[in-house]
Amino acid sequence: MALLVPACLLLLWYWLGYGLLPLRWQNSHLAGPDAPLQRACRAANRGRWEPAAQLFEDAGQDWERRSLYAQRLGYLAARRSDRWLKAWQEARPGDPDAALVVARTRVLYAWKLRGKARASSTSRRQFEGFHGELLASQDDIKKALALRPDDPTPLVAEIWRALGLGYPNREMRTLWSEIAARAPHHFEAHSSALQYWTAKWRGSKRLGRVSLMRWPVDRICLSGW
C-alpha cells in the first residue's frame, strides 16, 4: 500500500504534465469545454428543448458556433431521440433555429442509416434508406435557409447531401459559392468540402492532394479548381 500511493501520484503527475488525461476524463465529442452545450444536450436527453434554443439565441451570428451546436444537437436527435426537437417545433412554429437542427438531424440520420462500412459491405437496404433520407432532406435545408437566408449552416449540411448523392462538380462549386458569400472562412464548411473533393468521394487524387498539401486553408475551396 505504501508503494501504491506514490505510484498513483507519479502516474497522475505524468498524465497532467504531458496532457495525457485518462479517457474517462475526456470529452471525445468536443475539442474544448462548452458547458452550455453540454447542459443543453443533457436537457435534450430529458426531453427539454429550451436550453438548446437559448444556445442559438446566444450565438447570434457566430456561424462557427451555430454550426457546432446544430451538428451536436442533430447528432443527438438522430442517434437517440428527437422528442425534444419535435416539442421545440410545436412550441415555436417557424423558428429558424429549430428548422436548422431538423435539417442537420435529417442528414445525420441518413448517414447513420448508411453506416461506416465501405460501399461493398453496405447492403442495398442501407443504401435505399440513406438515399431516401438525403433526398427528403432537401426540403428541410431549403426551409432552414429561407427562415434565415444569411446563415451558411444549412448549406454546410447540404455539402454532406452533395457527397452522399453525388452532386456533379459543377453543382458543388455553385453550392460553395453560396457558402463563401456568407462565410468564406467557415471551418466546418471547408473541412466538409475537402471530403467531397477527395478521390474517395467525388473528386480525384489530384484535387485531394492539392487541397490537402498545397493550398492555404482559406483558399482551398475558393480557388475554382
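The values are calculated or read from the model by the stated rules, or taken from the named source; none is laboratory data. This is a predicted model, so every value here is computed, not measured. Every residue, glycine among them, receives a Cβ derived from its backbone with ideal geometry; neighbour counts consider all protein chains shown. Ligands, DNA and RNA are stripped out before the accessible areas are found, and what is left, the full protein with its side chains, is counted by its heavy atoms. Shrake-Rupley method; radii C 1.70, N 1.55, O 1.52, S 1.80 Å.
Brief remarks follow.
- Kirkwood hydrodynamic radius of region 44-169, from inverse mean 1/r over distinct Cα pairs, in Å: 14.8 Å
- Accessible area per residue in Å² at 1.4 Å probe, computed on region 31-98: 53 Å²
- Taking the protein heavy atoms of region 52-163 in the context of the full set of protein chains, the accessible area attributed to carbon and sulfur is 47 percent at 1.4 Å.
- Here LYS200 is the anchor, and the lysines within straight C-alpha reach of less than 26 Å, apart from those fewer than 8 places off in the same chain, are LYS112, LYS116.
- The shape of region 104-166 can be summarised by an equivalent ellipsoid whose semi-axes, obtained from the alpha carbon gyration tensor, come to 25, 10, 8 Å from longest to shortest.
- Residue ranking by accessible heavy-atom surface, 1.4 Å probe, largest first, among HIS185, HIS190, HIS131 comes out as HIS185, HIS131, HIS190.
- One quarter of the surface of the convex hull around the alpha-carbon atoms of region 37-94 equals 3.6 nm², the direction-averaged projected area.
- Virtual spin-label span in nm between ALA91 and HIS185, 7 Å along Cα→Cβ: 3.6 nm
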